[in-house]
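**Student:** The structure's right below; bear with me while I get my questions together.
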Amino acid sequence: MPTGLPAFALGGSKLLSGVSNTRAFAKVIEKLQEAGLPTDDNADGSANLMNLAFFNLIEGLNEEWFENGKTEIFVRPLVVTPAGFTAPTKAYGKSY
């Protein structure tokens, strides 16, 4: 069972850029190509509507997640060191 990231790595998560529609779309296109599905323009030069559909799907899902997504975190009671500081701890949660 995975143990997750160490606390110092979680602290650096604030430096992440966040979800990107463009990066997600590029990954989907790579997966489609690996599966042998056509992702190029159509033979007549018109746009591949499947690509447009996938990009709009990604945009819609991420927009919904951004507007209405929720993360719940459980933080157990913090430990106070002899010097009077709280010790860093991990929080566990679920994003939905």
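**Student:** Which pairs have Cβ atoms under 6 Å, sit 6 or more apart or on different chains, and link a residue in the range 55-83 that is over 19 Å from Leu10 (Cβ atoms) to one that is aliphatic (A, V, I, L, M) and in a helix (DSSP H, G or I)?
**Tutor:** Hits for this filter: Ile58/Ala24.
**Student:** Report, by residue number, each residue of the range 53-96 that is in a helix (DSSP H, G or I), over 14 Å from the mean Cα position of the chain (by Cα) and of a type outside the set (Gly, Ala, Ser).
**Tutor:** Matches in the range 53-96: Phe54, Phe55, Asn56, Leu57, Glu67, Asn68.
**Student:** Among the residues of the range 14-34, is there at least one that is free of Cβ contacts under 8 Å to residues at least 12 places away in the same chain, over 21 Å from the mean Cα position of the chain (by Cα) and more than 30 Å from Thr86 (Cβ to Cβ)?
**Tutor:** The answer is yes; a qualifying residue exists.
**Student:** Moving on to the next point. For the range 1-51, enumerate the residues that are outside any loop (DSSP other than H, G, I, E, B), at pLDDT below 85 and farther than 23 Å from Asn62 by Cα.
**Tutor:** Ala7, Phe8, Ala9, Gly11
**Student:** Which count do you get for residues in the range 43-69 that are of a type outside the set (Ser, Thr, Tyr), more than 18 Å from Ser95 (Cα to Cα) and loosely packed, with under 11 Cβ neighbours inside 10 Å?
**Tutor:** 7
**Student:** Name the residue, out of Gly93, Gly12, Gly84, that is at positive phi and either loosely packed, with under 11 Cβ neighbours inside 10 Å or not β-branched (Val, Ile, Thr) (or both).
**Tutor:** Gly84
The values are calculated or read from the model by the stated rules, or taken from the named source; none is laboratory data. Only a predicted model underlies this, so the values are computations on that prediction, with no experimental measurement involved. All Cβ positions, even for glycine, are placed from backbone atoms using ideal geometry, and neighbour counts span all protein chains on display.
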